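What follows is one structure encoded as C-alpha cells, with my remarks underneath.
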Amino acid sequence: RALTQNPLKKIWMPYKNGLPEKHISQRKVCMTNCPTLIVTVGLPARGKTYISKKLTRYLNWIGVSTKEFNVGQYRREFVKIYKSFEFFRPDNEEGLKIRQQCASAALNDVRYYLTEEGGQVAVFDATNTTRERRETIIQFAEQNGFKVFFVESVCEDPDVIQENIVQVKLGSPDYTNCNTEDAVQDFMKRIKCYENSYETLDEVLDRDLSFIKIMDVGQRYLVNRVLDHIQSRIVYYLMNIHITPRSIYLCRHGESDLNVKGRIGGDSGLTPRGKEFAKKLSQFIQKQKISDLKVWTSQMKRTIQTAEALSVPYEQWKVLNEIDAGVCEEMMYEEIQENYPLEFALRDQDKYRYRYPKGESYEDLVQRLEPVIMELERQENVLVICHQAVMRCLLAYFLDKTAEELPYLKCSLHTVLKLTPVAYGCKVESISLNVEAVDTHRERPENVEVSRMSEEALLTVPAHL
Amino acid sequence: MALTINGSPEQKKLTQTPLLKIWVPWMGCNLNRRRGSSVPQFCNSPTLIVMVGLPARGKTYISKKLTRYLNWIGVPTKMFNVGQYRREAVKIYKNFEFFKPDNEEAMRIRKYGQQACAAAALKDVSSYFTKEQGQVAVFDATNTTRERRAVIMSVAKEKGYKVFFVESICDDPEIIAENIKQVKFGSPDYVDRDIDEAMADFVQRIECYKASYMPIDDDKDRKLSYIKIFDVGIRYLVNRVQDHIQSRIVYYLMNIHVTPRSIYLSRHGESELNLLGRIGGDSGLSPRGQKYASALAAFIKGQNIKDLKVWTSHMKRTIQTAEAVGVQYEQWKALNEIDAGVCEELTYEEIQQNFPEEFALRDQDKYRYRYPKGESYEDLVHRLEPVIMELERQENVLVICHQAVMRCLLAYFLDKPADELPYLKCPLHTVLKLTPIAYGCKVESCFLNIGAVNTHREKPANVDVNRDPEEALQTVPDHI
C-alpha cells in the first residue's frame, strides 16, 4: 500500500485510490477500544463532583472524549423545587423511586454517549453508597461492554466537610432561598440519611472490582486491579491533585525582537519594552507577596531573560518551548502566505490539528505539556513564563476550553493571568502591567479556502514593522 | 539545580552554553555552571527508599528495576543490598580464624550480625549522598521489624533524608516458589547446593523471618510515607506521598508487572538517506529496506507471538516497515528520530565542514550534546519516558524505531549508563529480542540477512575542537 502524508496532520497513512484507508493508527496511542465507565462512590460533601469535573476536564484536554453525568442534576430537573432533606430519607418511598428513575435516566444517557456519540469515558457522579446500587451499574456496564472503574472518596475530617459545604453546597440551586445556617443544618441531615446504609468499597468483598479509594483528601489511597492504560493514567492524576488553596500565574515572555517584526518562532531576545515588562513583572510579583513561589520558564532566551529580572531562582523546562513552526520558523505571516499558501489555508481550517511541515501542531503541544500540567497540579504557587501557543494550551486546561477554542484564546503580551481554583472551577484575573507591546493575535479569517486570495488570508494579521 | 541570582536588579547578559544550548547569565569570566536539565529538579533532600518484606517477595527485583529506571530518567540512584554486605562479611569471616581476639571485624560481625551489615550499608548510603552526589538510595533488606525500621528512620532524620517505604506482601505459594527458583538458585548462597536442599533451606529461612515480621501498620505508621504492594500488583496502598520523585516512583511501581513476555526492538529498513550517509530527514525505504520489511514480517510470523502490539514513529520509514508486517500498528510521535536541528539531512562530512566546533563538542559529550535548534540524547530520554512506561504496562511489543531512539530504549533495558548509551550498536536489519529474566534482561540479536549500510560512527581518538578534518572523519562509515 502506498503511503501518503495527510496534508493537515502530516501523518503518513496508506492511501487507496486517492483516499486514506481507514486505519486505526491515527487513534490516540494506547487508548482502549472499550469505553470506560467511571463511577464515583461516597457520602455527600466528599468531593465526588469536584473530582468528576476535574477528571473530565483533564481527560478531555489530553484528547480522551469524556463527559460527566451528575445524578443530582437529573434529580433537580425532575423535582424542580427542593424542599428539604426529607426527600433523601431512606424510608421516603416516593423519593427513592424518583432517585432510581434519575439514575436510570443518567445511565441511559451514558449508554448513548459511549455507544452513539463516540465518547470514550463517562463519569457517573452519584453517591452509589450501597453494594446493591453498584451491582446494578456493573451489570449495566457488562451488558453494554463497558469497563468499570470506581472512584471512592472517604473523609471524616469535619473541617474538610464543612469547607466543602460552604464552597459548593451553599451556592447550589437546592439552597438558593435558604440562609446559610439553615442550609448547613439541612445538608448535614441529608448526609445522615446516607450514613446508615453506606457500604464502603472493601478490599476483600470487592476484590474483583477495579477501583481507587481516596482517603482524607489524598493522604492515603487504596488502588485495586488497574486494568489498562487509561485507568493507570486516571489513578496517577487523582494521586497528584490536591485542594490546598494556591494561585497559578501565567504570562508570556516580554515583547521580543521577532515579535515586533511580526515573525513567528525563533529564539530572539527582549526589546526595550520587553525588558520594561520584565521589571514590572518583578514588582508585581513582589507586591503579591506570594509564599514559596516557584518560577518556571522555557529554554528559550526570551522567557529566561524575563525570569532573570525577577531575581528569584527559576527552572527551565524544554517542554515549555514555543510550538515548533518547522519550515515556517521566523517567517512573517505574509511570507508564509507567499511561500506556503496551501499550508496557511489548512492551518486556518483546523488550527488545533494542523501540523507545520517538520514542525508541531497544537495537538502535539498538548501532549508534550502534559507533564507540566501534572506537576502544576502537584505544586502550589507557581509562575509560568512561557509563549503564546503554550499559554493557550495551559489556559485551555484550566478553563476547560475545547480544542476548537484553544488556538484562538487571547494571550496578550505583557499581561499576567492569575488563576485561582474556586468551587468547581477556576477564577481568572487578567492583569495588564501597562507596558505597550505589539499584538500577536491573529483571528481566524472568514475565508479559509485553499483557493482564497492573498488579501483574504492576510486580513486578520496584526500590525507589525 | 535552580539558578540562584544575587539580587542584582541589573539584567545580566545571557549566553547559550555550547554543549547543552542552555541560556545562562554570563557571570564575568566563569560561565555559571548550571545543569540546564530539561526536567525539573526533583528534590533538594536525598531520598532513602526502604524495602520491606519477607524473603522471596520481590524486594531485590523491585530495587534493581527501580534503580535502573531512576538512573535512566536522570536521577542518580544506587542500590544497597544488605544481603550482599552479609556475604562480604562472611567471606571475610571465613578467611579469618573465628576466635582471633584481635580480629575486631569478625568479632563485630559475629556479635551484631545483621545490624552491623545494615549499619555498614547506611554508612555507604551517606557517603553516596554526600560524596557522590547521589539523589536516591534504595535500601534493600527485609526490614521486617518495627525496631529495624525505627533505626533507619532515626538515621535518616538526623541526616535530613526523606524516607519512602516500599513493602511487598504476598502469600501466594506459587508465586513465592517461582521467585525462589528464578533468583535464589542462582544466588551465591546456593551455588553449590542441591536444588531440593536449597529450596528447603530457603523456606526455612523465610519461616525464621515470619515469626518476627511486623508489616507496616496502617494506623500506627500513618505518618510515614509508603506504598504497600499486594500480590505482585493486584492491589496497592499508598500513604502520604511527599514529593515529585515519590509520586513518580509510585506511578512506576504501579505500572510494572512480572508476566512473561518479550519486547522486540528494530530500526526501520534501510532508507534512501541512510544509503547517502545523511542523518535525519523523512525518506522512504531503499529496495533493500523493503526486503527487510518483508523479512521482518516473516520473522515475526515465525515467532508465533500472542497478541503482539506494533509501534512505529511518525516517520515514513518506520511506517513503511510496519506496513509490510501486515498487522495493526500505532504511531507514536515520541518515537521519532533525534532532531538534528540545523544538521538535518547533512552528511558527517558536511557537518564537519560547516559546523566543525559543533561536531567536536558532540564527540566530547555525545549524551548531553544538543544540536543547534535540535535535541540531545538527554532530551530524547525525556521524551521517551512515556514509551518506557507503556512498554512496562504492555506484554508482547515490537517497536520499529530509529538508531538514537533504539539506543535510548536499549540502554533502559540493559542498564547502560549515559556515556555508553550513544555508542550502543544498533545496526540496520537486526531485531533485538529482549526477554526479562531473573533480575535483568536476556538479549537475542537476530540479523535478518539483508545487507545494509553501516550507520554506526565510533568516537574518534581526537575530540579536540582544533583537530584536523581527517581526524574528525576517521570513524565515519562508508556511504555513497
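Under the simplified labelling scheme, the B:E147-B:V327 pair shows an inter-label distance of 5.5 nm, with each label point 7 Å from Cα along Cα→Cβ. Past 19 Å, Cα to Cα: identify those pairs from B:K366/B:K416; A:K294/A:K318; B:K13/B:K366, in the order given. Exceeds cut-off: B:K13/B:K366. The C-alpha atoms of chain B define a longest principal axis, and helix B:82-95 lies at about 70 degrees to it.
Here the stretch A:219-356 is described by how far its Cα atoms reach on the three principal axes: 58, 43, 20 Å, from widest to narrowest. Scaling against 2.2 N^0.38 Å puts the C-alpha radius of gyration of the stretch B:147-283 at 1.57. Take the convex hull of the alpha carbons in the protein assembly as shown; its mean projected area over all directions comes to 45.1 nm².
Applying Stokes-Einstein at 25 °C and 0.890 mPa s to the Kirkwood radius of the stretch B:263-473, computed over alpha-carbon pairs, gives a translational diffusion coefficient of 139 µm² s⁻¹.
Give me log10 I(q)/I(0) at q = 0.16 Å⁻¹ for the stretch A:337-427, Debye formula, one equal scatterer per alpha-carbon, no solvent. Log10 I(q)/I(0), no solvent term: -0.72. Label separation (A:R225 vs A:Y198): 2.4 nm, computed from points 7 Å beyond Cα along the C-beta direction. How are the Cα pair distances of the stretch A:36-239 distributed, in percent, across 5 Å bins from 0? Histogramming the stretch A:36-239 at 5 Å steps yields 1, 7, 15, 20, 21, 17, 11, 6, 1, 0 percent. Based on the reciprocal of the average 1/r between different C-alpha atoms, the Kirkwood radius for chain A equals 24.7 Å.
Note that chain B carries a Kirkwood radius of 25.3 Å, evaluated over its alpha carbons pair by pair.
The label-point distance for A:E455 and A:E86, in a model that sets each label 7 Å from Cα toward Cβ, rounds to 7.3 nm.
In the structure displayed, which of A:K53/A:K279; B:K301/B:K425; B:K123/B:K223 lie more than 27 Å apart, Cα to Cα? With Cα atoms farther than 27 Å apart: A:K53/A:K279. Averaging 1/r over each pair of different alpha-carbon atoms in the stretch B:47-254 and inverting the result gives 18.1 Å, the Kirkwood hydrodynamic radius. A Förster radius of 45 Å, combined with the Cβ-Cβ distance separating B:E272 from A:K287, puts the computed FRET efficiency at roughly 0.15.
Tell me whether the stretch A:248-458 comes out rounded, prolate or oblate; compute the Cα gyration tensor, take square roots of the eigenvalues as a ≥ b ≥ c, and use a/c under 1.5 as the rounded threshold. Spell out each step's value before the answer.
Values: a/c = 1.95, a/b = 1.52, b/c = 1.28.
Cα axes put the stretch A:248-458 in the prolate bin.
Over all Cα atoms in the stretch B:220-265, the spread is summed up by Rg and Dmax: 13.3, 47 Å.
What separates the Cα centres of the stretch B:344-358 and the stretch B:177-255 is a distance of 52 Å. For A:V39, the residues whose amide H sits under 5 Å from its own are A:F124, A:F149, A:F150, A:V151, ignoring neighbours fewer than 5 places away on the same chain, with H placed 1.01 Å from N. The calculated 222 nm mean residue ellipticity attributable to helices in chain A amounts to -11500 deg cm²/dmol, summing -39500 (n - 2.57) over DSSP H runs of n ≥ 4 and dividing by all residues.
I need the helices of chain A that pass two filters: whole DSSP H segments spanning 18 Å or more by Cα along the axis, and mean Kyte-Doolittle score no lower than -1.0. Membrane-span-like by this criterion, though nothing is claimed about a membrane: A:48-61, A:93-115, A:180-195, A:362-378. Here the stretch A:143-276 is treated as an ellipsoid with the same Cα gyration tensor; its semi-axes, largest first and in whole Å, are 44, 27, 14. The long axis of helix B:59-72 is offset from the longest Cα principal axis of chain B by roughly 30 degrees.
Every number in this text was worked out from the coordinates using simple rules, so none of it is lab data. Not measured: the values here are computed from a predicted model. Reconstructed Cβ throughout: ideal geometry from the backbone, glycine too, with neighbour counts over all protein chains shown.
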